[in-house]
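The values are calculated or read from the model by the stated rules, or taken from the named source; none is laboratory data. Remember, predicted model here, so these are calculated numbers, not experimental data. All Cβ positions, glycine included, derive from the backbone under ideal geometry; neighbour counts span all protein chains shown. Remember, those area values only see protein heavy atoms, side chains included, never the ligands or the DNA or RNA. Shrake-Rupley method; radii C 1.70, N 1.55, O 1.52, S 1.80 Å.
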Amino acid sequence: MKKYLFFALLLLLGLSCSSTKFKSQTHQFKLSKQEQREGFKVLFDGTSLSQWTSNTDEYYLEDGYIVMKPTSGYGNLYTKEEFDNFILRFEFLLTPEANSGLGIRHKIITGSTGYDGMELQILDNTAPIYADLKPYQYHGSVYGWIPAKRGFLKPVGEWNFQEVIANGNKIKVTLNGSVIVDGDLEEVVRSTPENKIPKTLFYKKGSIAFLGHDSVVKFRNIRIKELK
């Protein structure tokens with residue numbers, strides 16, 4: 001009898017450990033008390049994509065993360081809500097040679113591909129295939145316009161923390177605690193002919209978007225604070 005009790009106890013312990021492991025993989029993100037006081041709200045807590053729309057075929061909810069697993073090569077995921085001025089905070093994990101984008105004040109494209117808004121680059125800067133890009137094509141850059149400082153990404157496979165502040169024409173990007181972009185769009189385009197300035201750069205309001213570029217990228221703990 002003691003032998004059976006012993007094996008039953010081992011079985012219960014095993015089930016308990018498995019349950020604990022499962023819960024740790026699908027943890028629910030919650031705002032810190034400080035962020036609650038500051039007025040942040042959660043856009044993705046690890047349990048649901050209910051606040052997002054469009055390409056939910058290639059953007060999966062997996063182990064508490066949004067995971068982009070491309071099948072068609074490109075595809076976008078948008079917040080259902082639109083934002084104008086804000087502070088956005090999120091974490092992301094790159095795979096080797098990963099190439100993606102963060103759309104801000106972006107319009108929702110009804111087709112399978114396309115872009116209609118400002119893009120901040122998300123990129124594995126260390127990949128040899130990207131050695132000869134333009135300065136404004138590396139991670140964190142306002143694509144095509146404001147180059148980001150390099151050297152602040154964590155090694156591929158590790159989680160990075162990024163904050164984006166969009167306040168009128170001013171865009172500020174902080175990566176893992178270091179400011180890599182701090183620019184004014186009006187200043188950037190001052191010497192550019194008017195017919196060469198894309199209207200998308202100055203949209204007043206739009207969705208937050210993840211812009212897929214045929215790469216596996218993971219996102220988690222996404223929150224936003226709207227600015228007055």
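Being under 15 Å from the mean Cα position of the chain (by Cα), surrounded by fewer than 20 Cβ atoms within 10 Å (Cβ to Cβ) and either over 20 Å from Tyr203 (Cβ atoms) or at pLDDT 95 or above (or both) narrows it down to one of Gln51, Gln34, so name that one. Only one candidate qualifies: Gln51.
As a summary of the residue check, Gly39 satisfies the conditions (1) at positive phi; (2) crowded, with 16+ Cβ neighbours inside 10 Å; (3) in contact with a strand residue (DSSP E or B) (Cβ under 6 Å, 6 or more places away or on another chain) except for the one numbered (2). Checking Asn125, Asn167 one by one, the residue that is at pLDDT 95 or above, within 22 Å of Val216 (Cβ to Cβ) and of a type outside the set (Phe, Trp, Tyr) is Asn125 and no other.
Of everything in segment 75-90 that is open to solvent by 10 Å² or more (accessible area, probe 1.4 Å) and not polar (S, T, N, Q), the residue that is farthest from Val42 (Cα to Cα) is Asp84. Selection of segment 202-216 for residues being in a loop (DSSP other than H, G, I, E, B) and touching a Pro at 6+ places or on another chain (Cβ under 8 Å) yields Asp214, Ser215, Val216. Note on segment 57-83: residues that are touching a residue at least 12 places away in the same chain (Cβ under 8 Å), in contact with a strand residue (DSSP E or B) (Cβ under 7 Å, 6 or more places away or on another chain) and either of a type in the set (Phe, Trp, Tyr) or not in a strand (DSSP E or B) (or both) total 11.
Among residues of segment 87-103 that are assigned to a strand (DSSP E or B), those with a Cβ under 6 angstrom from a residue that is β-branched (Val, Ile, Thr) and open to solvent by 10 Å² or more (accessible area, probe 1.4 Å), sequence gap 6+ or separate chain, pair up as Ile87/Ile165; Leu94/Val156. Could you say which residue among Ile129, Ile165 is within 15 Å of the chain's Cα centre (by Cα), hydrophobic (A, V, I, L, M, F, W, C) and open to solvent by 40 Å² or more (accessible area, probe 1.4 Å)? Result: Ile165 is the single residue among Ile129, Ile165 that is within 15 Å of the chain's Cα centre (by Cα), hydrophobic (A, V, I, L, M, F, W, C) and open to solvent by 40 Å² or more (accessible area, probe 1.4 Å).
Residues checked against (1) assigned to a helix (DSSP H, G or I); (2) open to solvent by less than 50 Å² (accessible area, probe 1.4 Å); (3) within 24 Å of Tyr65 (Cα to Cα):
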{"position": "Leu120", "(1), (2), (3)": "no, yes, yes"}
{"position": "Asn125", "(1), (2), (3)": "no, yes, yes"}
{"position": "Ala148", "(1), (2), (3)": "no, yes, no"}
{"position": "Leu153", "(1), (2), (3)": "no, yes, yes"}
{"position": "Ile171", "(1), (2), (3)": "no, yes, no"}
{"position": "Gly183", "(1), (2), (3)": "no, yes, no"}
{"position": "Thr200", "(1), (2), (3)": "yes, yes, no"}
{"position": "Lys218", "(1), (2), (3)": "no, no, yes"}
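Scanning segment 67-122 for residues that are modelled with pLDDT of 95 or more, β-branched (Val, Ile, Thr) and under 14 Å from Ser54 (Cβ atoms) turns up just one, Thr79.
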